[in-house]
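Notes for the one structure printed next.
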Amino acid sequence: MVDFGGWDMPVQYSGIIEEHNAVRRAVGLFDVSHMGEIEVRGPEALAAVNYVSTNAADRLTTGQAQYSGLLYDHGGFVDDILVHKVADDHYFICVNASNQEKDYDHIRAMNRWDADVQFASDRYAQLAVQGPKALATLQKLTAVDLAGIRYYHFTDGEVAGTAARIARTGYTGEDGFEIYIAPGEAPRIWGELLEAGREFGIRPCGLGARNTLRLEAKMALYGHEIDATITPLEADLSWIVKFDKGDFAGRDALLAQKQKGVTRRLAGFEMTGRGIARDGYEVWVDGAPAGWVTSGGPSPTLGKNIGLCYLPVDRAQPGLAIQIIIRNQPVEAVTVPTPFYKRSK
Amino acid sequence: MSYPTDLKYTREHEWVRANGASGVVGITDHAQKELGDIVYVDLPKVGAKVEKGKTMGSVESVKAVSDVYAPVSGEVTEVNDALANAPEKLNQDPHGGGWLVKIALSAPDELSDLLSAEDYQKYTGEE
């Protein structure tokens, strides 16, 4: 068990590769109750949410979820978030564990409206059921027609007799569901899900597999690909920035950066030499330091050593030779298209 | 797993199987369990001089890099090349097929500083 922002969390249960493969081939279960929740309510909830986030919250329909950014005025990330529209006057935001207090303070400070912003992390436990057999597993425990929930949509219903928000979202690159339930019910639901998934070979999964899965799918991790010094335009997340929706926190800074031109961008790479790139390693191009690795490690699905790094924007396209400095030795790598892994639909 | 009594162990979780003035070196079952799936092994070359307690290589699991310290001083005479393509041997057979290097001991007396199987087991708290 490792201490993760005050939570005791397992890095692995049966082994990272076995857990990783279970999610890609069948189904895995993650306890992600450390994730934070913030609820914004009231007639002006949308105005507040749309201003603090980069994506177009005003285009969400009830029962839809959206990946978005919470930015400082200077354009760097406070956090990356999932915004769920529960009702016209009720938005439910899932945030990173280690950022939750900061996010809450940030949203309250930016709330020039009369929106009611509530810190709700204590009210929810979160379990993620992920993989091609996630639907069949969860369906055994609920009357909700799961196939009827589209990707990045959610519905409120019951799972094993307890109230649950069931969202077809995830952080693995596979189909799957994230369910939000009362914390007291979590141990029982965890056990029932493991039982329901037994015939498919379900595995409980820890933080280690969560990281290898999200890296293959090129999903950002706060503190690695994104932080207060990185903007969405640099992080290859322009798609969550909707300049045309009106004013939002960070908009001016992003517009200025866009006009001036982004100087660095996130790129994917594969090791061609022997070695594994890790977070923080230096990246060299043409014999000189050019960037740094944000995440790196073996890809169990591809059988290669992969990573993400920041590079000068003219060097961030696929097919270029780069060197990763591993224990003071340059090791060859090549930039590649991302995501590294995309599931077939 | 029980720890073989013909091995000597370090508190940094390496082992040595000494035979006269030569010793086979590896990492312990406890170490491989703590590391999890091992995916990469970085070892010294044949002829390299290693010094007791100093880094002689590294093993990487999916999650992290860990240094391997030389349990004894000497010169590397053989390297387990099979690990380059099959690092999982370290998980499967840490005290046998997952050996790392053979060392010609330059100071065989150092062996007396190492732990017995029983003491190592107590040290790691394993039954």
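Bear in mind that the values in this text are calculations on the coordinates, not laboratory data. Keep in mind that what you see is a predicted model, and the values were worked out from it rather than measured. No Cβ is skipped: glycine too gets one built from the backbone with ideal geometry, and neighbour counts run over all protein chains shown.
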Listed by chain and number, the residues whose amide H is under 5 Å from that of A:Ala164, excluding neighbours fewer than 5 places away on the same chain and using placed H, are A:Gly157, A:Glu158, A:Val159
For A:Lys304, list the lysines whose Cα falls under 21 Å from its own Cα; do not include residues on the same chain fewer than 8 positions away. A:Lys218, A:Lys342, B:Lys63, B:Lys89
Whole-Hz Karplus ³J(HN,Hα) for the stretch B:78-87, in order, using 6.51 cos²θ - 1.76 cosθ + 1.60 and θ = phi - 60°, x for Gly and Pro? 7, 10, 7, 5, 4, 5, 4, 9, 9, x
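What percent do you get for the relative contact order of chain A when only Cα pairs under 8 Å and 6+ apart count?
Over chain A, the number comes to 19 percent.
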³J(HN,Hα) across the stretch A:150-159 via Karplus (A = 6.51, B = -1.76, C = 1.60, θ = phi - 60°), whole Hz, x for Gly/Pro? 6, 4, 6, 10, 8, 8, 9, x, 10, 10
Enumerate the amide H contacts of A:Phe340 below 5 Å, restricted to partners 5 or more residues apart or on another chain; note that Pro and chain-start residues carry no placed amide H. A:Lys218
For B:Val39, enumerate residues with amide H under 5 Å from its amide H, sequence gap 5+ or separate chain, H modeled in the peptide plane. B:Glu60, B:Ser61, B:Val62
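Could you please report the charge total around A:Ala321, scoring K, R as +1 and D, E as -1 over all other residues with beta-carbon less than 15 angstrom from its beta-carbon?
On the way: positive: A:Arg315; negative: A:Glu270, A:Asp286, A:Asp314, A:Glu332.
Residues near A:Ala321 contribute -3 overall.
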Please state the relative contact order of chain B as a whole percent: Cα pairs under 8 Å, 6+ residues apart? 32
